[in-house]
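The values are calculated or read from the model by the stated rules, or taken from the named source; none is laboratory data. All of these numbers come straight from a predicted model, not from anything done at the bench. Ideal geometry is used to build each Cβ from the backbone, glycine not excepted, and the neighbour counts take in all protein chains shown.
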Amino acid sequence: MGRTTIGVAIDIPQPWGGELTAARLAAGDPVAQHVPAHVTLLGPTEVDAAVLPAIDSHLAAVARAHRPFTVRLRGTGTFRPITQVVFVAVAAGIGECEQLHTAVLACAAIVPAAKFPYHPHVTIAQNVDPARLDAAFADLAGYEAAFAVDGFTLFEHDDGGRWRPHAEYRLTAEH
């Protein structure tokens, strides 16, 4: 069956998802053509395709154990000079994102290649010219949005780098 690359993310609903994807495109980030605006729970991770059913089962259990919550996005941030990334900051819902991230990683079939500590955010420019990073940072400095998060998505990356939804999971815990 071979290997595949997966990711797990919270989709940003419309109209904010479209706005943030458009901002990433305007910054010249080519990834925006293939990857919609999102908050990452598990970055691109290569796994044996045979373990996808076990991952699916684990993620379904994670979703059943967590309640819906609200995310508030506010302003911009950057990881420079460590990495050439500008992002819209998660101002509320950070703890819930961190809990989901930790729960996703508890799956024995997932061995992430995490280079950096987890920090929930929405990337709006990555690995582009410094002037474009600066412009993206300034253009969205006053950005604000709030939306309900009622689930997350398992994505599988195709050969062209596009994220293809593999499965969606609804947060259903009541307390």
Per the list (1) touching a helix residue (DSSP H, G or I) at 6+ places or on another chain (Cβ under 8 Å); (2) of a type in the set (A, V, I, L, M, F, W, C); (3) under 18 Å from Ala32 (Cα atoms), residue check on Ile110 breaks on (3)
Selection status of Thr4, free of Cβ contacts under 8 Å to residues at least 24 places away in the same chain, in contact with a helix residue (DSSP H, G or I) (Cβ under 7 Å, 6 or more places away or on another chain) and either in a loop (DSSP other than H, G, I, E, B) or of a type in the set (S, T, N, Q) (or both)
no
Go through the range 46-149 and tell me which strands (runs of 3 or more DSSP E), entirely inside it, have 3 or more residues that are of a type in the set (S, T, N, Q) and under 17 Å from the mean Cα position of the chain (by Cα).
69-78
Members of the range 17-53 that are of a type in the set (D, E, K, R), touching a strand residue (DSSP E or B) at 6+ places or on another chain (Cβ under 7 Å) and surrounded by fewer than 21 Cβ atoms within 10 Å (Cβ to Cβ):
Glu46, Asp48
Subset of the range 103-126 (residues that are exposed (fewer than 14 other Cβ atoms within 10 Å of the Cβ) and either over 19 Å from Gly151 (Cβ atoms) or free of Cβ contacts under 8 Å to residues at least 12 places away in the same chain (or both))
Ala108, Val111, Ala113, Ala114, Lys115, Phe116, Pro117
Whichever residue in the range 155-175 is at pLDDT 85 or above and basic (Lys, Arg) and, among such residues, is farthest from Thr5 (Cα to Cα):
Arg170
